[in-house]
């Protein structure tokens with residue numbers, strides 16, 4: 001049911017979706033060399049003179065110490081999140097197609113949350129397809145955690161601030177190298193041989209400054225923070241890669257899951273069921289459709305139980321609903337004999353010609369119950385216990401069959 005309170009104010013305004021929350025969080029990390037690195041990355045991205053090939057070569061040249069080149073990490077993160085907001089992360093299938101919208105992305109991610117459990121029997125998170133596996137960068141996952149560990153950005157901030165506060169000469173030199181390359185990129189107006197040589201000179205200076213700075217962080221108390229920069233950078237890159245993989249294949253993934261559901265619906269039709277088992281060449285598909293009718297017959301909601309500890313209670317309930325045990329007094333020989341006639345394990349041929357006592361004895365023989373040197377009362381008691389246990393075992397088997405048929409495998 002839709003909540004009406006506030007609905008009018010919602011529909012009379014636009015949401016203005018943006019990645020501003022992420023950008024605000026990124027801004028807290030932009031101090032010292034990280035600020036300069038981010039400015040350089042932005043200058044490269046926005047430059048209109050450099051070709052795409054030149055930009056890629058340049059970014060590779062200055063990415064020789066990846067955990068220090070945080071401007072690129074953060075820049076890529078912000079740009080990635082922006083493509084989710086405007087929907088451009090979803091590839092167009094055909095020329096002229098309209099791009100995706102954030103609403104469509106959200107709806108598709110929601111669909112995955114229900115489709116995966118329906119088909120796989122596990123949560124979407126078990127398939128790395130939870131909401132945050134698609135949209136975690138926008139969902140503040142780098143500034144919050146669900147356990148006692150420090151969030152990625154909090155941990156990054158601690159290490160960045162510690163290093164910047166140390167006032168290392170190699171960090172200052174790196175900031176200068178970043179500024180020099182950035183200023184040159186912002187000043188160029190045309191490509192030329194001299195231009196490329198100067199660009200290479202400045203990029204080499206950045207790479208050298210990276211190496212020197214990294215070496216300066218090679219011992220404590222800096223080494224712990226250098227290692228932390230590497231670890232947190234990896235977490236960011238892994239998350240961005242996961243989201244990119246999930247979102248760029250989202251439409252195809254949903255189509256595939258929906259197709260599987262459509263195929264299973266065909267099993268309701270006997271003719272189509274046989275057709276599917278014939279044309280499918282995969283043995284698992286053949287088994288599913290060939291065994292469908294049997295498994296469907298085994299499904300019964302009265303046998304559904306959540307845990308193994310519930311099975312005994314379910315058996316008791318089903319027995320009671322079925323009027324079992326229908327005989328409880330072993331001294332009532334007629335009742336015990338009558339129950340024996342209804343037991344599917346016992347051959348009742350000519351039983352109409354036998355007395356109750358004879359039926360009890362013959363039934364015991366057939367069921368392997370010892371009869372030698374035993375009174376009819378003892379035989380009746382053993383036979384009744386055997387038959388009542390058989391009733392329980394029958395219900396238990398039906399319960400197991402139901403569970404098997406209802407369990408995704």
Mind checking whether some residue in the stretch 59-66 is assigned by TED's automatic domain parsing to the domain that holds residue 179, surrounded by 20 or more Cβ atoms within 10 Å (Cβ to Cβ) and within 25 Å of residue 30 (Cβ to Cβ)?
-> yes
Among 26, 116, which is the only one that is buried (at least 17 other Cβ atoms within 10 Å of the Cβ) and more than 24 Å from the chain's Cα centre (by Cα)?
-> 26
Count, please, the residues in the stretch 367-404 that happen to be farther than 25 Å from residue 315 by Cβ and part of a helix (DSSP H, G or I).
-> 4
Residue satisfying condition, being out of contact with any strand residue (DSSP E or B) (no Cβ under 8 Å at 6 or more places or on another chain) and at pLDDT 95 or above, within set 85, 90 | 85
Determine if the stretch 302-310 includes at least one residue that is under 30 Å from residue 134 (Cβ atoms) and touching a residue at least 12 places away in the same chain (Cβ under 8 Å).
-> no
Tell me which of these residue 103 doesn't satisfy, since it passes every other one: (1) farther than 27 Å from residue 14 by Cβ; (2) surrounded by fewer than 12 Cβ atoms within 10 Å (Cβ to Cβ).
-> (1)
Quick one: residue 318 ticks every box in (1) modelled with pLDDT of 90 or more; (2) buried (at least 17 other Cβ atoms within 10 Å of the Cβ); (3) assigned to a helix (DSSP H, G or I) except a single one, so which number is it?
-> (1)
Do you know which residues across the stretch 344-366 are surrounded by fewer than 17 Cβ atoms within 10 Å (Cβ to Cβ) and in contact (Cβ under 8 Å) with a residue 24 or more places away in the chain?
-> 345, 357
Does residue 24 meet the test of being part of a helix (DSSP H, G or I) and farther than 24 Å from residue 209 by Cα?
-> yes
Given 197, 232, which one is part of a helix (DSSP H, G or I) and out of contact with any helix residue (DSSP H, G or I) (no Cβ under 8 Å at 6 or more places or on another chain)?
-> 197
Would you say residue 160 is in a loop (DSSP other than H, G, I, E, B) and in contact (Cβ under 8 Å) with a residue 40 or more places away in the chain?
-> no
Return a yes/no flag: does the stretch 144-154 have any residue that is in contact (Cβ under 8 Å) with a residue 24 or more places away in the chain, surrounded by 14 or more Cβ atoms within 10 Å (Cβ to Cβ) and not in a helix (DSSP H, G or I).
-> no
Flagged in the stretch 262-291 as within 19 Å of residue 118 (Cβ to Cβ) and assigned to a loop (DSSP other than H, G, I, E, B), in numbering order, are 267, 268
The stretch 202-223, residues that are in contact with a helix residue (DSSP H, G or I) (Cβ under 9 Å, 6 or more places away or on another chain), free of Cβ contacts under 8 Å to residues at least 60 places away in the same chain and in a helix (DSSP H, G or I) | 202, 205, 208, 209, 212, 215, 216
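The values are calculated or read from the model by the stated rules, or taken from the named source; none is laboratory data. Computed from a prediction, not measured in an experiment: that's the story for all the values here. Every residue, glycine as well, gets a Cβ built from its backbone with ideal geometry; the counts of neighbours run over all protein chains shown.
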